[in-house]
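The numbers here are math on the coordinates, done by the rules we state, and not lab data. Since this is a predicted model, take the numbers as computed values, not measurements. Backbone-built Cβ (ideal geometry, glycine too); neighbour counts: all protein chains shown.
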Ligand code: 5GP
């Protein structure tokens with residue numbers, strides 16, 4: 001896999017406990033915490049504990065245990081926020097930015113979960 005993981009990135013430092021975070025959920029393989037600059041009333045980042053750079057890296061290289069755990073944590077957060085459309089919630093958006101065109105800022109895979117207000121269209125028109 002042609003990814004070179006930078007273990008000095010800010011989320012690696014959060015995982016090592018070098019930088020504080022506002023944890024909302026933690027399992028053996030996954031950590032979820034509040035974004036430091038929230039773009040919505042609820043803005044949570046879900047990250048694997050393993051050294052994965054972006055979505056495709058994680059999706060193709062992670063173990064099944066890591067993949068399942070990550071997805072379950074993301075679902076449990078939606079449930080805890082009360083935003084599941086199927087349960088009468090108002091909905092939410094998940095985003096994962098990758099690389100240059102994706103404008104990824106932190107090179108450790110993360111899923112944004114945004115909720116708590118109408119979020120507009122997915123992308124601005126070019
Ligand atoms: P990206 O652009 O890589 O998808 O998003 C990175 C996200 O990480 C941004 O929304 C940014 O606000 C958030 N972020 C950057 N540094 C920190 C930090 O030290 N703590 C937390 N909780 N979030 C951070």
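Based on Cα contacts under 8 Å between residues 6+ apart, the chain shows a relative contact order of 29 percent. Among 84, 37, 104, the largest mean-square fluctuation in a Gaussian network model of the chain, built with springs joining Cα atoms closer than 10 Å, belongs to 37. The modelled label-to-label distance for the pair residue 19/residue 97, using points 7 Å beyond Cα in the direction of Cβ, is 1.4 nm. The GNM of the chain, with springs linking C-alpha atoms under 10 angstrom apart, assigns the highest mean-square fluctuation among 116, 86, 99 to 86.
Each of 57, 108, 101 was scored by other Cβ atoms within 10 Å of its Cβ. Listed from fewest to most, they are 101, 57, 108. Helix 64-81 axis versus longest C-alpha principal axis of the chain: approximately 30°, rounded to the nearest ten. Largest GNM mean-square fluctuation across 65, 98, 79, computed for the chain with C-alpha springs under 10 Å, falls on 65. May I ask you to list the residues of segment 90-126 whose amide nitrogen lies under 17 Å from a point 7 Å from Cα along the Cα→beta-carbon direction of residue 56? Label zone hits: 96-105, 107-110. As a size descriptor, the averaged projected area of the C-alpha convex hull of segment 10-115 was calculated at 6.7 nm². Label-to-label distance for residue 26 and residue 76 is 1.3 nm, based on points extended 7 Å past Cα in the beta-carbon direction.
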